[in-house]
Amino acid sequence: MKYLRKHIFFLSLSVLSSCGDLVDSESSDTNKSALIPVNYDFANLGLYLNASINDTLSAIEWRWDYLTSENGMPDTTGNEYYMNISQPVFSFNGETTLPALSIKTDKNRIIEFSVTVIFHLPNEESNSVFAVMDSLKTFDLFENENVKREIIENGRFLHSSDLAEEEIIIKFGEDQYDFDSMTYSIKIKEPHKGESY
């Protein structure tokens, strides 16, 4: 009976997680915050902030980023950085590039995610920027036209909640030979003084 109850609980957790809503976590490391969906290719990656890097809900394989790390080996007791370079390539305007995905962990709990995609825009006009955003199908927030308009007007989109902050920034190359880029990032907000996660 105990085995059956445990299976029903994990099945319920999986169903709730697949809806993309905030889901309370049961582990002692993450029960102070909710699981926060990462709005990058969520249908395929199923990635959440506050989840363990070893969480099976995510289909992505992370590799320790030894170039960014301050440690001689992966650190499970503090902050650490991981990357992924096995994602599909991005093609735009006749060029193909590889998105760069990275995460930061705290005691194996994912607290930050970012992805940068580079490309060459023919110019910095609104039509060109809209075209690249329409091509970036893995940026889930681009399903919202208001997000795209804000990037056109301000060069960035920023959404802040009590738990997390997410942002999309477009950067233009300094000359015609430099790459332009789009970066999506989301991170757990730092607790206020006297609070902890």
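Computed from the coordinates by the stated procedures, all read-outs in this text should not be read as laboratory data. Because the structure is a prediction, the values reported are computed rather than measured. Please note: Cβ atoms are built from the backbone with ideal geometry, for glycine as well, and neighbour counts cover all protein chains shown.
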Relative packing of 107-120, 174-187, which averages over residues the other C-beta atoms within 10 Å, highest first: 107-120, 174-187
Gain in span if fully extended, S91 to D65, counting 0.36 nm per residue against the direct Cα distance: 6.8 nm
How far apart, in nanometres, would the label points at N79 and D178 be if each is projected 7 angstrom from Cα along the Cα-to-Cβ direction? 2.7
Counted neighbours (other Cβ, 10 Å), sorted fewest up, put Y40, Y81 in the order Y81, Y40
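Report the gain in length on full extension from L158 to N144: 0.36 nm times residue separation, minus Cα-Cα distance, nm rounded to one decimal.
Taking 0.36 nm per residue and subtracting the Cα distance, the gain is 3.7 nm.
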Suppose each label sits 7 Å from its Cα in the direction of the beta carbon; what would the L98-A131 distance come out to in nanometres? 2.7
Compute the distance in nm between two label points, each set 7 Å from the Cα along the Cα-to-Cβ direction, one at N44 and one at I169. 2.5
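Please give the direction-averaged projected area of the C-alpha convex hull for segment 43-197, in square nanometres with one decimal.
Numbers: hull surface 42.9 nm².
Taking a quarter of the hull surface, the average projection is 10.7 nm².
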